[in-house]
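Following: one structure in structure tokens, then a few remarks.
The values are calculated or read from the model by the stated rules, or taken from the named source; none is laboratory data. This one's a predicted model, so the numbers in the text were calculated from it and none came from an experiment. So basically every Cβ, Gly included, is an ideal-geometry build from the backbone, and we count neighbours across all protein chains shown.
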Amino acid sequence: MSLPDPGGDSPFYRDLAVSLLALCLLTSPFLVATFHIGEPAHEFDRAAVTTNDSTIEYADRDDVPALTPISEDIDCAGWAGDLRACALEEQVLDGQAVPAGMWTEGVGHTPPARPYLAGYYQYVQLDRQVYEPTYETNASEQRNGMHRVELSLEPTNPDDALQRISVDVTDEVLHPTVAEAAREGATTTRAAVDIPETPIELEDGTRYRVYESQQVDDSPWDSSSLASALRYIAPLLGIALLVSLSRRIEVSYVGGESERSE
């Protein structure tokens, strides 16, 4: 069996080249997703987080964009937190009785706070003091032998609080880019990554809040137009080439020996 003529004008090799080109065009959307074509570069940086007497704060507030929270687990610390929650916690701090909507047996039995705060903030920071939301029973408020539970705030050590809310830099939940930014500082990547809204603790015990500083498109061409062309136009061209190629295929039937002998 002889192979097709390998010359440049061979229909076989020409059709093979067209087939490969069509396949490349059809797979171009996957290339866009894999190499993040058309997406801006994401720049990440870090800001040191420290404690000062009874508070948790940035070592230099100017290192981060305005209203960037130190942690989603600390509310009312001067950034755009839950205003209603902060107003409520301020009433508690002022000594006003705020019922928790619960009743309990005996004055000495107070339910722990954490089960009721699951998925919510763990601490509040008011008047330059970190507090842990807690509950306490009010002996003077009774109903059917049950005592009313009210909201309370317990001052807590800021170093202990910061340690509890920090994520270890070696934790598997951290994207490698985020871990690199926590260790080295300014880092750039084409891929959008999730950043934990809480400090990251390094091996030496220092803690940094990683944040996205900016998005820039540094491509020398219009990458968004290129991405659109690769996503939509290129696959259509690939389909058109395959349809054109299929029309050139001829199917012939060669009968068996018995048919030829007749």
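For the range 43-68, the candidate set comprises residues that are more than 15 Å from Thr198 (Cβ to Cβ) and acidic (Asp, Glu); within that set, the residue that is surrounded by the most Cβ atoms within 10 Å (Cβ to Cβ) is Asp45. Applying the criterion of at least 2 residues that are of a type in the set (Phe, Trp, Tyr) and at pLDDT below 90 to the strands (runs of 3 or more DSSP E) found wholly in the range 64-180 leaves an empty list. Looking at the structure I just gave you, is Thr188 of a type in the set (S, T, N, Q), in the same structural domain as Thr55 (by TED's automatic domain parsing) and part of a strand (DSSP E or B)? So Thr188 fits the description; yes. Here the range 117-146 is the region considered, the condition is being touching a residue at least 24 places away in the same chain (Cβ under 8 Å) and hydrophobic (A, V, I, L, M, F, W, C), and the residue that is nearest to Glu105 (Cα to Cα) is Met146.
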